[in-house]
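The values are calculated or read from the model by the stated rules, or taken from the named source; none is laboratory data. Remember, it's a predicted structure, so these values are computed and weren't measured experimentally. Ideal geometry is used to build each Cβ from the backbone, glycine not excepted, and the neighbour counts take in all protein chains shown. To get the accessible areas, we keep the full protein, side chains included, count just its heavy atoms, and leave off ligands, DNA and RNA. Shrake-Rupley method; radii C 1.70, N 1.55, O 1.52, S 1.80 Å.
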Amino acid sequence: MGELAQRHLTPAANAQVAALLKGEPEPSLAGVASWADTLRKSSPESYKRTERWHYVNFPVGTCAYRPQRDCPDGNCVVGQIERQRAILGDRAQSLSARRDALKFLVHFVGDVHQPLHSSNRKDKGGNDFQISLRTDLQPEAYAQQNYVDGVMGTNLHSVWDYYILASKGVSASLYADRLSALPWPPKLPSKSMNPADWAGESCKLVDSQRLYPKSHKMDSRYLDAQRPLAERQLEIAAKRLADLLNATLTD
Ligand SMILES: [Zn+2]
């Protein structure tokens, strides 16, 4: 997603991104995209403070965002996209604050388009929906103990965070190549640049039940069937991230 977005930055925004990410191990949008998740290990204190910034939960039966109800003190993905966008665009802020804001934004614009990060079901965005997934894909080291005889014990949230796209078996940059070959810009569900609307659209995908499997057991057929939707969300996220950065970083 980061790489796809980066391909559609204006030269001015691209130069700003390069200046902000100078000194990063991988100074690109894709290279910093998972930083917000790695805080869990690298900086448990800041992870605890920012944990709720990755998602928004709506009450059952609605996908209409109400800040006071759904995002107290701005501690949800919608509130943080707004806040980090403001920090990034504020030249009076320190370089390091703006750098962190950029890194958060790349991650959170991706998260808000992963439907289960903006859900109105009472299962913690699919984390409580257990799945036995038959897959050839070797899990990462920390999850190896859940992988027995080709079946991975996981949950629907992780299936959407990881398995649907990873099971295609191509690298992120090859993925970006393939998605770049599709017509640009992708068809957007709305022209809105308001993250509350983006979350509402994700929530409606969840609410439509289309992505909830009938069984807790699944295999590659579910992953293959859902991949077009997952890829579409990725393209939409890339387009909106590029637009957001172009608007914020181009003078
Ligand atoms: Zn996240």
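Can you spot a residue in the stretch 49-61 that is open to solvent by 60 Å² or more (accessible area, probe 1.4 Å) and of a type in the set (Phe, Trp, Tyr)? Yes, there is a match, as at least one residue in the stretch 49-61 is open to solvent by 60 Å² or more (accessible area, probe 1.4 Å) and of a type in the set (Phe, Trp, Tyr). Among the residues of the stretch 97-140, those identified as away from the ligand (no atom under 14 Å from the Cβ) and in contact with a Leu (Cβ under 6 Å, 6 or more places away or on another chain) are ARG98, ARG99, ALA101, LEU102, PHE129, ILE131.
Rundown of residues vs (1) modelled with pLDDT under 95; (2) of a type in the set (Gly, Ala, Ser); (3) buried (at least 17 other Cβ atoms within 10 Å of the Cβ); (4) within 26 Å of ARG7 (Cβ to Cβ), yes/no style:
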| site | (1), (2), (3), (4) |
| --- | --- |
| TRP184 | yes, no, no, yes |
| SER192 | no, yes, no, yes |
| GLN209 | yes, no, no, no |
| LYS239 | no, no, yes, yes |
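With respect to ARG40, determine if the residue is open to solvent by 50 Å² or more (accessible area, probe 1.4 Å), more than 16 Å from the ligand (Cβ to nearest atom) and among the basic types (Lys, Arg).
Values: open to solvent by 50 Å² or more (accessible area, probe 1.4 Å): yes; more than 16 Å from the ligand (Cβ to nearest atom): no; among the basic types (Lys, Arg): yes.
No.
Between ASP100, ASP90, ASP70, which is touching a strand residue (DSSP E or B) at 6+ places or on another chain (Cβ under 7 Å) and either among the aromatic types (Phe, Trp, Tyr) or free of Cβ contacts under 8 Å to residues at least 40 places away in the same chain (or both)? Break it down into steps so the answer makes sense when it comes.
Numbers: ASP100 fails: touching a strand residue (DSSP E or B) at 6+ places or on another chain (Cβ under 7 Å); ASP90 fails: touching a strand residue (DSSP E or B) at 6+ places or on another chain (Cβ under 7 Å).
Going through ASP100, ASP90, ASP70 in turn, just one is touching a strand residue (DSSP E or B) at 6+ places or on another chain (Cβ under 7 Å) and either among the aromatic types (Phe, Trp, Tyr) or free of Cβ contacts under 8 Å to residues at least 40 places away in the same chain (or both): ASP70.
For ASN75, the criteria (1) more than 16 Å from the ligand (Cβ to nearest atom); (2) within 25 Å of HIS157 (Cα to Cα) hold in every case but one, which is (1).
Scanning the stretch 103-136 for residues that are under 23 Å from GLY31 (Cα atoms) and in contact with a strand residue (DSSP E or B) (Cβ under 8 Å, 6 or more places away or on another chain) returns VAL112, HIS117.
Looking only at the stretch 122-139, count every residue that is assigned to a loop (DSSP other than H, G, I, E, B) and either among the hydrophobic types (A, V, I, L, M, F, W, C) or open to solvent by less than 100 Å² (accessible area, probe 1.4 Å) (or both) and tell me the total. Outline the logic, then answer.
Going through the stretch 122-139, the residues assigned to a loop (DSSP other than H, G, I, E, B) turn out to be 122-129, 135-139.
Adding the requirement that they be either among the hydrophobic types (A, V, I, L, M, F, W, C) or open to solvent by less than 100 Å² (accessible area, probe 1.4 Å) (or both) leaves 123, 125-129, 135, 137, 139.
Result for the stretch 122-139: 9.
Residues that are within 25 Å of LEU205 (Cα to Cα) and away from the ligand (no atom under 14 Å from the Cβ) were ranked within the stretch 78-96; the one that is most open to solvent (accessible area, probe 1.4 Å) is GLU82.
A single member of VAL17, VAL32 is within 16 Å of the ligand (Cβ to nearest atom), modelled with pLDDT of 95 or more and among the β-branched types (Val, Ile, Thr), and it is VAL32. A search for C-beta distances below 8 Å between a residue of the stretch 1-20 that is without any contact (Cβ under 8 Å) to a residue 12 or more places away in the chain and any residue that is open to solvent by 50 Å² or more (accessible area, probe 1.4 Å), counting only pairs 6+ apart in sequence or on different chains, returns ALA18/PRO27.
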